[in-house]
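The values are calculated or read from the model by the stated rules, or taken from the named source; none is laboratory data. A quick note: this is a predicted structure, and the numbers were derived from the prediction, not measured. Cβ: placed from backbone, ideal geometry, glycine included. Neighbour counts: every protein chain shown. Side chains are part of the model used for accessible areas, which takes the heavy atoms of the whole protein and leaves out ligands, DNA and RNA. Shrake-Rupley method; radii C 1.70, N 1.55, O 1.52, S 1.80 Å.
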Amino acid sequence: MEKIIVEGGNKLKGEVNISLAKNSVLPIIVASILSPNDVVIKNAPMLEDVIVLNDLLLEMDCSIETINNRDLKINTSNLKETSMNSDLIRKMRASFLIMGPMLSRFGKCKISMPGGCNIGSRPIDLHLKGFKLLGADIEIGHGFVEAKAKKLKGNRIYLDFPSVGATENILMASVLAEGTTIIENAAEEPEIWDLANFLNSMGAKIHGAGVGKITIEGVDSLKGIEYKPIYDRVEAGTFMVAAAITKSKITINGAIEDHLRPTIEKLKECGVKFESLGEDTILVDGTGEKSPVDIKTLPYPGFPTDMQAQMMALLSICKGSSIITETVFENRFMHVAELVRMGANIKIDGRTAIIEGVDSLTGCDVKATDLRAGAAMILAGLVAHGRTEISDLYHIDRGYVDIEEKFRGLGANIYRVDK
Ligand code: EPZ
């Protein structure tokens with residue numbers, strides 16, 4: 001079984017290059033279904049989730065080739081409308097995003113229900129509400145969901161919750177629909193803007209992505225393009241916390257300040273200093289004393305749920321009491337038990353965790369319980385006394401490319417073993 005080993009105590013220095021955003025690249029790969037022409041995604045991060053999604057498209061007779069080891073060239077002209085098999089969908093929930101483009105292109109799609117995951121039940125009711133309002137008939141049974149529509153027609157869709165996935169799925173279903181679609185209370189994450197920007201580059205007519213109301217005027221077809229997605233704000237935020245927890249000063253290349261505002265402001269409140277070095281480069285000075293802070297995760301532009309576990313690792317050694325409230329997912333505190341094994345003092349009360357800062361953590365064997373919790377274990381290991389051994393690495397590999405190499409490049413004593 002593979003493990004990441006972290007020998008705690010090293011300061012970090014130098015600079016780290018952030019990869020492009022997982023949560024942009026995944027929907028953008030799926031959106032390539034909307035055009036029969038070549039789409040090239042520049043510098044695509046070869047994450048586990050990207051590989052799984054590529055395998056799914058290859059299974060559906062799309063062609064995908066990697067050019068100079070980093071650009072993905074996709075052509076879906078031979079795509080067969082088919083029902084997607086369950087294990088690949090279960091393995092990577094984001095593949096449910098295929099439904100919108102497939103419904104748009106073929107007028108029907110049958111996909112196995114994506115199911116839940118560690119952090120929550122992950123319902124799809126808002127996705128299906130959108131498809132129904134666009135004129136699709138939806139049938140659910142035997143673990144499958146099937147959508148059918150002769151031609152999707154634009155409509156006004158209000159999302160009870162600004163779901164990222166539902167916004168993306170409905171966006172992709174409406175770009176080739178007849179007439180105009182308006183999505184109200186849409187998700188505002190930067191990755192939504194990025195997907196809309198990608199689709200508009202292909203000839204779509206989308207206005208308002210990135211703010212709560214998106215208007216889409218249906219068009220007849222989309223052309224192929226070359227596109228470079230945005231940097232990964234969660235990976236950048238993870239390294240900002242690394243500088244804070246190890247009391248180090250590092251430079252992050254590929255940090256878009258506007259996308260990181262909630263994370264930067266919260267870290268500033270905690271005592272971290274930032275200096276913009278221009279062109280998406282930020283100097284992070286985490287050398288000063290840290291104070292406890294309270295965090296409530298919210299849809300963007302609130303504090304991101306994907307940074308919650310990483311901040312908890314930092315706050316577990318900040319003297320005083322901090323409170324973290326997780327409002328987005330119903331079960332995203334599984335890293336608490338792992339941090340407590342390392343000596344943290346954290347109590348959970350429903351969706352709230354109360355963290356009493358301790359002087360230090362001690363290394364031990366811990367598990368990555370979800371993608372971002374795995375990153376939090378690395379952060380805790382950087383400052384723990386002794387050795388931390390992290391298992392269940394597939395969670396980490398889903399969302400971070402070469403994470404040990406990136407930390408080693410900053411001076412951390414971290415390596416992967418197979419034992
Ligand atoms: C996306 O997941 C991200 N994944 C998640 O990142 C991220 O945590 C999440 O957005 C929130 O920002 C990708 O982009 C691939 P949601 P998604 O739909 O789309 C409820 C990571 O670590 N909901 O906004 O699944 C749902 O129950 C991953 O990179 C409904 O009620 O998130 C949840 O409580 C983890 N009905 C809340 O919305 C629906 O139909 C947020 O879900 C859909 C969602």
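When you check Ser19 against the structure, is it among the small types (Gly, Ala, Ser), away from the ligand (no atom under 13 Å from the Cβ) and surrounded by 16 or more Cβ atoms within 10 Å (Cβ to Cβ), yes or no?
no
Once segment 107-123 is narrowed to residues that are within 12 Å of the ligand (Cβ to nearest atom) and assigned to a strand (DSSP E or B), the residue that is nearest to Leu79 (Cα to Cα) is Cys117.
Among the residues of segment 245-265, those that are small (Gly, Ala, Ser) and touching a Lys or Arg at 6+ places or on another chain (Cβ under 8 Å) comprise Ser248, Ala255. Looking only at segment 54-62, decide whether some residue is more than 22 Å from Leu20 (Cβ to Cβ) and open to solvent by less than 60 Å² (accessible area, probe 1.4 Å). Yes, segment 54-62 contains a residue that is more than 22 Å from Leu20 (Cβ to Cβ) and open to solvent by less than 60 Å² (accessible area, probe 1.4 Å).
Out of Ile28, Ile4, Ile41, Ile89, one residue alone is touching a helix residue (DSSP H, G or I) at 6+ places or on another chain (Cβ under 9 Å), open to solvent by less than 60 Å² (accessible area, probe 1.4 Å), more than 16 Å from the ligand (Cβ to nearest atom) and of a type in the set (A, V, I, L, M). It is Ile4. Scanning segment 124-148 for residues that are surrounded by fewer than 14 Cβ atoms within 10 Å (Cβ to Cβ), without any contact (Cβ under 8 Å) to a residue 12 or more places away in the chain and within 16 Å of the ligand (Cβ to nearest atom) returns a single hit, Asp125.
Of the strands (runs of 3 or more DSSP E) lying entirely inside segment 1-103, the ones with 2 or more residues being charged (D, E, K, R) are found at 2-7, 71-75.
Listed by position, the strands (runs of 3 or more DSSP E) enclosed by segment 277-381 that each have at least 1 residues that are open to solvent by less than 60 Å² (accessible area, probe 1.4 Å) and acidic (Asp, Glu) are 281-285, 321-326.
In segment 149-203, the qualifying residues are those that are at positive phi and more than 12 Å from the ligand (Cβ to nearest atom), and the one that is surrounded by the most Cβ atoms within 10 Å (Cβ to Cβ) is Gly203.
For segment 69-83, the set of residues classified as under 25 Å from Ile396 (Cα atoms) and at pLDDT below 95 consists of Asn69, Arg70, listed by residue number.
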